[in-house]
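Worksheet: the structure to be examined is printed underneath.
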Amino acid sequence: EIIEPLRDRIKAIVLQGAFTVAYAAAFYQKGGLLTLFARENLDRSVAGWEIPVTWFLTISTATFIIVTPLMARLWMGLAARGIEPSPPQKLAWGLISIGVGYAVISSAATGPGAAWWGWLVLPYIFFGIGDALVWPTQISMVSRLAPGKASALFVGGWYVTIGLGSWLTGYIGALGYTWGMSPVFVCLAAGSLALGLLLWSFSGKVQRLAHEFPA
């Protein structure tokens, strides 16, 4: 009676971990292919001054810092009404958010000449929103569902998803040199949106495996 729910919870962790790998692979392009795109394909000039490429990386971080406490308050309010989205639903939204960001970037990458630097601001805001939806929720989910004495082990193991995602980031980024940046951005947009919608479609089943109320 105890073993079966435990197995189900581990399945829920593994399933969401697989989707988190895909999220991380797309997200961490901001330090690779997206930085290269900003350096080589963006017009970063403002009144004769050129915006440093590294400054764009702070947009998603700042968005995450601003949005995370606002989301926490939102989740608390929705939880009080019994309608808070479940962890797999939040993860699905995170994937969709980053997919929308890449859709915007791919639009900028297909135009002739250097794109205006503002094209990269909105996508990075979507990246920050995706981060706020994914990381805090998934870490909390793993710590709740893992067996009590092995909670720290499972949380540590969950960080392997970030490592796998980072490894895939390098592999995907290298495709930018052979395929071109625009096709890679289109694939990242389509893949993230498709995975987000897929996870959303069976998020209820994943949540039932967790044997807990939406959190």
Checklist outcome for this item: By accessible area (1.4 Å), largest first, Ser201, Ser182 order as Ser201, Ser182
Checklist outcome for this item: Once Lys and Arg are counted +1 and Asp and Glu -1 for all other residues with Cβ under 12 Å from that of Ser151, the total becomes +3
Next on the checklist: Could you work out how much longer the chain between Leu74 and Phe202 gets when fully extended? Use 0.36 nm per residue separation minus the Cα distance between them, nm to one decimal.
Outcome noted: 43.7 nm
Checklist entry - So how compact is the range 104-215: Cα radius of gyration and Dmax in angstrom? => result 17.7, 57
Next on the checklist: Expected output is a single nm value to one decimal: the length gained when fully extending between Glu40 and Ile83, i.e. 0.36 nm times separation in residues minus the C-alpha distance. What is it?
Outcome noted: 11.0 nm
Item to check | Kirkwood-based Rg to Rh ratio, the chain, C-alpha trace | outcome: 1.02
Checklist entry - What relative contact order, as a whole-number percentage, does the chain give when Cα pairs under 8 Å and 6 or more residues apart are counted? => result 40
Checklist entry - When the accessible area of the range 95-206 is computed with all protein chains present and a 1.4 Å probe, what percentage of it is carbon and sulfur? => result 76
Checklist entry - Which cross-chain or sequence-distant (5 or more) residues have an amide H under 5 Å from the amide H of Trp116, H modelled 1.01 Å from N in plane? => result Asp43
Next on the checklist: As an exercise, use a Förster radius of 22 Å and the Cβ-Cβ distance of Ala47 and Thr178 to find the FRET efficiency, rounded to the nearest 0.05.
Outcome noted: 0.05
Checklist entry - At a probe radius of 1.4 Å, what is the per-residue accessible area of Trp55, in Å² to the nearest 10? => result 140
Checklist entry - Taking 0.36 nm per intervening residue step and subtracting the Cα-Cα distance, what contour gain separates Thr110 from Trp55 on full extension? => result 17.5 nm
Checklist entry - How do Trp158, Trp75, Trp179, Trp93 stack up against each other in accessible area, from largest to smallest, with a 1.4 angstrom probe? => result Trp179, Trp93, Trp75, Trp158
Item to check | Candidate lysines for bridging to Lys149, where Cα separation is under 19 Å - those fewer than 8 sequence places away on the same chain excluded | outcome: Lys11
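The values are calculated or read from the model by the stated rules, or taken from the named source; none is laboratory data. Computed from a predicted structure; not experimentally measured. When we count neighbours, we look across all protein chains shown, and the Cβ atoms used for this are built from the backbone with ideal geometry, even at glycine. Calculation scope for accessible area: heavy atoms of the full protein, side chains included, ligands and nucleic acids excluded. Shrake-Rupley method; radii C 1.70, N 1.55, O 1.52, S 1.80 Å.
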